[in-house]
1. Collect the residues in region B:46-62 that are open to solvent by 10 Å² or more (accessible area, probe 1.4 Å), farther than 12 Å from B:Ala95 by Cα and in contact (Cβ under 8 Å) with a residue 24 or more places away in the chain, keeping them in residue-number order.
2. Out of (1) under 22 Å from B:Tyr142 (Cα atoms); (2) more than 17 Å from the chain's Cα centre (by Cα); (3) of a type outside the set (D, E, K, R); (4) within 14 Å of chain A (Cβ to nearest Cβ), what's the single condition that is false for B:Ala226?
3. State which residue pairs qualify: first residue farther than 30 Å from B:Ala218 by Cα and inside region A:19-38, second residue of a type in the set (Gly, Ala, Ser) in any location, beta carbons under 6 Å apart, and separation of 6 or more residues or different chains.
4. Within region B:233-260, can you find the residues that are in a helix (DSSP H, G or I), within 14 Å of another protein chain (Cβ to nearest Cβ), among the hydrophobic types (A, V, I, L, M, F, W, C) and in contact (Cβ under 8 Å) with a residue 40 or more places away in the chain?
5. Here's a check for you: in region B:104-159, which residue that is in a strand (DSSP E or B) and out of contact with any helix residue (DSSP H, G or I) (no Cβ under 7 Å at 6 or more places or on another chain) is least open to solvent (accessible area, probe 1.4 Å)?
6. Of everything in region B:84-102, what is closer than 19 Å to B:Ile116 by Cα and surrounded by 23 or more Cβ atoms within 10 Å (Cβ to Cβ)? Give them in sequence order.
7. Can you tell me how many residues in region B:308-328 are in contact with an Asp or Glu (Cβ under 7 Å, 6 or more places away or on another chain), under 20 Å from B:Tyr262 (Cα atoms) and not polar (S, T, N, Q)?
8. Check whether at least one residue in region B:272-293 is in contact with a helix residue (DSSP H, G or I) (Cβ under 6 Å, 6 or more places away or on another chain) and among the charged types (D, E, K, R), and report yes or no.
Amino acid sequence: MSDAYDQLSNILVTRFEVEPEELRPDVTFEELELDSLFLVELGLVVQQELGVKLTDDDATPRSTVAAVAELIEAQLAQAS
Amino acid sequence: MTYAAVLCGLGAWLPPRVVVNDDLPAGLNTTDEWIRTRTGIRQRHVAGPGMATSDLAVEAGARALKSSGEPLVDAVLVATTTPDRVCPATAPEVATRLGLSGAAAFDIAAVCTGFIYGLGCAAGLISAGVAGRVLLIGAETYSSILNPLDRGTAMIFGDGAGAVVLRAGEPAEPGALGPFDLGSDGHGSDLISVPGGGSRQRLSNLPESAMSRYFTMAGREVFQHAVLRMAASSHAVLQRAGWQVVDVDRLVAHQANIRILYQLADHMRIDRGRIVSNIDRVGNTAAASIPLALAHGVVEGTVQPGHRTLLTAFGGGLTWGSTLLTWPGLTLCDPPAHGTDR
């Protein structure tokens, strides 16, 4: 998987108490029991740690981890 | 000669009626667990029928005066979102009921940042020599403006009051306040508001029902603003004081939501163990939240003399503010009960 997926996975495990064995590219935030407020929090952490802005439309509880990783990847590519 | 404002008295009061999550209206369609995981709140206190913000303010103010050891002050400031009346201010009546007729008295309207703005005003009055001692009270009865069926606010806010006495002193003393960072951004004035009841509604020629007198809040947007503004404001005062983040022994932030407090601490890289919080017992009490959290912290021993303490808040306006102090030795009189009230 991409660097962004690894970075996002790392944030989910270290900052949001997600169990590493539950993490798969096709798992949704909802399935990880992460609610819409969590996505606001994730937006703050991603902005601080990766310098990427996620909007409300980018990520919903029904988004998969891989889909959000792709959004981050795309923004990182744009910035570089 | 320039004086510093030094904290020398602290008091708090909560109305006796406790509403636990399971007691909230069934129409909210929520559960105790949902509220606790989303906000950290287990219960809130609610003013009884016939009570007003001034009643809570007088109780907290009397305790702060007692804690300071002297009954008189030169100015009484009441920070509130829920004044007794649109006009006049609540502070003069509170002052008189505390035996302080004749003192300067006015209200401060900065919503959840009201207490920090009040500290800034009080410090200004003291350092300019206008007042030697100031009583600052944060008092709220949000139950009077909440829509009981609004899922974004009804379970979050509670009633309560907290107060401090400040006196003129030396900048190096324990309890001396400062530096301050205060700010605002009116672009966000619709994010936290009571649309009705003011001149905008009265002069609009629209029926009163078109603008609600209920409190409204755009929760998710406010969440992000709260974390980022409090973090930036906190960094500003730390930098001005020459403190490092690791110097902060206690983070006493506006008790809006436990998840905001955690994100703020994480964002600033302050250990979560240094957060002082009582939101589980009182909910969000707006302008009263910081002195109430301090009072609970002192009673429970989490706030101790010598602790380098960061106070920061964010609220409607939008407004934000921060200040620093080294916690002084203070005795509370008749403090609020700690632990579970019920």
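1. B:Val46, B:Ala47, B:Gly48, B:Met51, B:Ala52 - these are the residues of region B:46-62 that are open to solvent by 10 Å² or more (accessible area, probe 1.4 Å), farther than 12 Å from B:Ala95 by Cα and in contact (Cβ under 8 Å) with a residue 24 or more places away in the chain.
2. (2)
3. A:Leu23/A:Ser9; A:Pro25/A:Ala66
4. B:Ile258, the sole residue that qualifies.
5. Among them, the one singled out is B:Arg133.
6. Residues satisfying the conditions are B:Thr90, B:Ala91.
7. 2
8. Looking through region B:272-293, at least one residue is in contact with a helix residue (DSSP H, G or I) (Cβ under 6 Å, 6 or more places away or on another chain) and among the charged types (D, E, K, R).
The values are calculated or read from the model by the stated rules, or taken from the named source; none is laboratory data. The shown structure was predicted, so the numbers you read here are calculated from the model rather than taken from an experiment. Cβ atoms come from the backbone with ideal geometry, glycine included; neighbour counts cover every protein chain shown. Ligands, DNA and RNA are excluded from the accessible area calculation, which covers all protein heavy atoms including side chains. Shrake-Rupley method; radii C 1.70, N 1.55, O 1.52, S 1.80 Å.
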